[in-house]
1. Any of Lys46/Lys393; Lys256/Lys723; Lys40/Lys112; Lys111/Lys148; Lys46/Lys557; Lys41/Lys104 with alpha carbons more than 28 Å apart? Name them for me.
2. Highest mean first, how do 376-386, 221-231, 693-703 rank when packing is the count of other Cβ atoms within 10 Å averaged over residues?
3. What accessible area per residue, rounded to a whole number of Å², is obtained for the range 8-120 using a probe radius of 1.4 Å?
4. For the chain, build the charge dipole from Cβ charges (+1 Lys, Arg; -1 Asp, Glu) around the Cα centre, then report which of Ser612, Asn508, Gly185 sits farthest towards its positive end.
5. Report the one residue of Pro145, Ile311, Leu542 whose Cα lies farthest in the direction of the positive end of the charge dipole of the chain (charges on C-beta: Lys and Arg +1, Asp and Glu -1; origin at the Cα centre).
6. Counting only the heavy atoms of the protein chains, how much of Tyr293 is accessible to a 1.4 Å probe, in Å² to the nearest 10?
7. If r is the Cβ-Cβ distance from Gln294 to Lys55 and R0 is 30 Å, what FRET efficiency results, to the nearest 0.05?
8. Starting from the amide H of Ser625, placed 1.01 Å from N in the peptide plane, find each other amide H under 5 Å away whose residue is 5 or more places distant or on another chain.
Amino acid sequence: QDEEKWDFVLVSNIHEVGSEKEIKRKKFLDELSKKGFTIKKIEDKKLFYGVRAPKQIFRKYQWLLRNPDSRLQNPDVHCDIPVTTRIRIVNFILQNTMTPDLEKLHDLMKKKVFEATFPLHEKEEVREFLKEKWARWRDIFCQQPIEKIRCYFGEKVALYFAWLGWYTYLLGIAAVVGLVVFVAGITVFNSSQVSKEICEASNTIMCPLCDQKCPFWLLSDTCTYAKVTHMIDNEGTVLFAMFMAIWATVFLELWKRQRATVVTNWDLYGWDEEEEELAMELINNLQHEPRQYQHSYFRSTIILLLVLVMIAVLIGIAHALVIYRVIATAFFTQSNSEFLREQANTMAVMTGAVLHYITIVIMTKVNRHVAHYLCDLEKPRTFSQRENNFTMKIFTFQFFTNFSSLIYIAFFLGRINGHPGNYVRIAGKWRLEECHPSGCITDLFIQMAIIMLLKQTISNVMEYLIPWIAYKLRKKQQRPKKRSMMLGEEEEAEDPCKRQWLSNYQLNEVNIFSLFDEFLEMVIQYSFTTIFVAAFPLAPLLAFCNNLFEIRLDAIKMMRLRRRMVPRKANDIGIWLQVLEAIGILAVIGNGLVIAITSDFIPMQVYKYMYSPCMTENSTGVDCSTGYINHSLSVFRVRDFEPYTKVPEMLPDFVRDEIKECRYRDYRNADDYSYTVQFWHIFAARLAFLILFEHAALCIKLIAAWYVPDVPQSVKNEFLDRKHSNLRKELSMMEYSTEV
């Protein structure tokens, strides 16, 4: 039975005898034979070569990387090497075998000499167990068998699933808190004093929203919008933002503990990647010289500049989206349909968000190519170093792709657009967007909600459907011919390997970055759930529901739809941990800014404690935010409009002579439109709050990081006992040998 186990399968088209491709293929297979590999050829519509490495190779590996503690007993212990390690070593040798023409497998695949190489999904019991108990939709709420995943896919994949499971588990807590905050917001939906004032302001005339054909309008028209805003923008959100900043820290600290627990039993705690790489190089070729570490400041500077150029392009795209929204608003306000005119702003924001989602999808593909190109320029020494460089670049690009538009809406929208009679214009023509009188936070909420929903529904459906359809199509293409051949040649028994190799070949291919993509998707989602969570308390809930499916989706893809991944060794999630820590810090800054700048929390507090009726008169029965809306709107004299603003003479359904003045949202004097004292009060309060919030949150983060030890005591004690018993054994061995 063991003789029929093949480590790897190489697939090649049937080339003409004597053609260049055929000669190159023969040279490569000859090199493998020289190294003692067994090669078996099966012919179907393609040529399949099964390769099996000689036992000697694995013995060398075990000898070189044996545990220094276990050198004591007899040196030639042949415990079986795990399948995952076996596949990894064979893959390394295949990738690094040189033909006499100095070509490696990678070059031969580019030249179409070989079409595919993959390890086989075996019929082991581990696989059957995983298929039944893990890669099934019905197990959504079950614990994942991490140990078994490791035995089949290697440590790196197992750690990804351990991390994803842990993240989802802790998201559950954040999701509940977020939901409570949101529900609390809905209950105060009608009771908020500010939205009451907006709904009753039926004689507050507001300045037109655009230059041509836009009427004056009444503040009370926007009653519903105000209620929605105050559902999101209340005291609860401030607390929730604090909570999420702390949650992000605690999550990472607890993950470090979880990881330590998971890795203890794998004997990888002190594993050295470099040593393993050198050992494999030497097994493959005894004359191998290691590549030295190199660092060139010139190259780093060039790459830094190119990264900055790329970021500038991504910010440019965000600007394009802003311009789209401005122009869309102008068109919607001038359209003939009444619904579009009234909802112009919301419609512009919604279509803008959908457009943003489309740019995210397109730019993700572009970012990959750019990051690959930059990594090629950098010439990293090892694959893992390359992967780290690639991770940092692609994450930076993806971050700007996903967030630059949100950052604009949160911090710039309505703050840089001037005031009536002196608007900031794009190309001297279109006015920049303004915030609604009740604040900008609803725009941010809409944008976040649309992007998160689209990302999670469309992206997940595509992620599952595309491989599934591809698999079905491949299966269909290769079925019928096989049958007709079998009918014709019934006397020849079919090779038992043939069916297995064919069925593996029909699965979708995995590229080296398959796992990387899953990680990237999750980390971007993690940024969405922590950075602007103050504006969208439902983010953790959406992420939680998404992840329950994501775990099984990835499992089904790996077990049923894709060829087997080449297992990789790892003892933590690598550079992703630093990325997650960076996001944790950005989350504190982001949420602090959202509360200080985007939300109306600070202006309301300043009003309550400085200008409200509670402060000026000794009236006790009054709500302290009474009069806030009137206070936050400035007066504009209609005669000061720019000459080319065409305002309809009359307010529709409003009996009154010509309007002398209108109101707009800002703190400016009525005579010369300069900023009032209140503006500066609020500005100072915003800054003070920001500094306090960030320092408080960062202190709590530091305390949490100190309070939760990275490695659980049980793990430390286990290592202590191991060391102790090893030393004891050595001592007794020594005494025994001296006695003899």
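1. Correct reply: Lys46/Lys393; Lys111/Lys148.
2. Most protected by this proxy first, the peptides run 221-231, 693-703, 376-386.
3. 52
4. The one lying farthest along the dipole's positive direction is Asn508.
5. Pro145
6. 150
7. Rounded to the nearest 0.05, the efficiency is 0.20.
8. The answer is none.
The values are calculated or read from the model by the stated rules, or taken from the named source; none is laboratory data. Because the structure is a prediction, the values reported are computed rather than measured. Glycine also receives a Cβ, built like all others from the backbone with ideal geometry; neighbour counts cover every protein chain displayed. Remember, those area values only see protein heavy atoms, side chains included, never the ligands or the DNA or RNA. Shrake-Rupley method; radii C 1.70, N 1.55, O 1.52, S 1.80 Å.
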